[in-house]
Amino acid sequence: MKSIEDLTIYFGKYLSNPEFEKFREENLINPTKYNSLDLFIRCRSSKMELCFTNEREIRESDAEKSSIGGKPIFTHFFIFPASEKSFEELPFATTFKDSLKEIEDKCGIPYDSKRINNVIFGNITRLFYHKGNLKIDFTIDMDKNKLTQIYVGQIKKEIIE
């Protein structure tokens, strides 16, 4: 993959979309089967996660129905340090070696940020940006002062097919 756009073009598509299936077969290294309970596919080698939202959570007309049985829609993904080699370029030309200051220098002022220090997440800072119709969330380990995770998702979850 050259950039995140190679993946984001499939946002809003069903898991079973033939073009999206072909893309996954050609580009994902050692993926798990779709996990219908947690709504994701994890790439064991690169540690990248493709995440889905049940169509019934997206469709307003289905809001009162149980989400069980709805079809999965590709809406977001996570990139981890091991996934960096899968892309020629990450959002805003960041790298997983970047510090908090370097990310802010490359991306500008975030529309929101959160500092978290607890047992589950550790000492992290999350920076939130919009890029076109995408939400991009950078998670920085403050003890190591380096990027540990990138979340990329639709600003407004929608089905496009």
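The values are calculated or read from the model by the stated rules, or taken from the named source; none is laboratory data. Fair warning: this is a prediction, and the values are worked out from it, not measured in the lab. Quick reminder, even Gly has a Cβ in these numbers, built from the backbone with ideal geometry, and neighbours come from all protein chains shown. The accessibility values were calculated without ligands, DNA or RNA, using every heavy atom of the protein model including side chains. Shrake-Rupley method; radii C 1.70, N 1.55, O 1.52, S 1.80 Å.
Reported count of residues in segment 1-23, each being surrounded by 18 or more Cβ atoms within 10 Å (Cβ to Cβ) and either touching a Phe, Trp or Tyr at 6+ places or on another chain (Cβ under 6 Å) or not small (Gly, Ala, Ser) (or both), is 9.
All of ASP98, ASP105, ASP112 fail the test of being in contact with a strand residue (DSSP E or B) (Cβ under 6 Å, 6 or more places away or on another chain), surrounded by fewer than 18 Cβ atoms within 10 Å (Cβ to Cβ) and within 26 Å of ILE140 (Cβ to Cβ), apart from ASP112. Of everything listed in (1) modelled with pLDDT under 90; (2) surrounded by 12 or more Cβ atoms within 10 Å (Cβ to Cβ), the single unmet condition for ILE68 is (2).
Under the condition of being out of contact with any Phe, Trp or Tyr (no Cβ under 8 Å at 6 or more places or on another chain) and either more than 18 Å from PHE80 (Cα to Cα) or open to solvent by less than 70 Å² (accessible area, probe 1.4 Å) (or both), the residues counted in segment 115-132 number 10. Somewhere in segment 19-38, is a residue aliphatic (A, V, I, L, M), within 14 Å of HIS76 (Cα to Cα) and touching a residue at least 24 places away in the same chain (Cβ under 8 Å)? Among the residues of segment 19-38, not one is aliphatic (A, V, I, L, M), within 14 Å of HIS76 (Cα to Cα) and touching a residue at least 24 places away in the same chain (Cβ under 8 Å), which makes the answer no.
Residue-wise test of (1) more than 28 Å from ASN17 (Cα to Cα); (2) out of contact with any Lys or Arg (no Cβ under 6 Å at 6 or more places or on another chain).
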{"position": "PRO91", "(1), (2)": "no, yes"}
{"position": "THR94", "(1), (2)": "yes, no"}
{"position": "LEU100", "(1), (2)": "yes, yes"}
{"position": "GLY108", "(1), (2)": "yes, yes"}
{"position": "LYS114", "(1), (2)": "yes, no"}
{"position": "LYS157", "(1), (2)": "no, yes"}
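Looking at the structure I just gave you, is LYS146 over 15 Å from the mean Cα position of the chain (by Cα), among the basic types (Lys, Arg) and surrounded by 16 or more Cβ atoms within 10 Å (Cβ to Cβ)? Criteria met by LYS146. Of all residues in segment 74-87, at least one satisfies being open to solvent by 80 Å² or more (accessible area, probe 1.4 Å) and of a type in the set (D, E, K, R).
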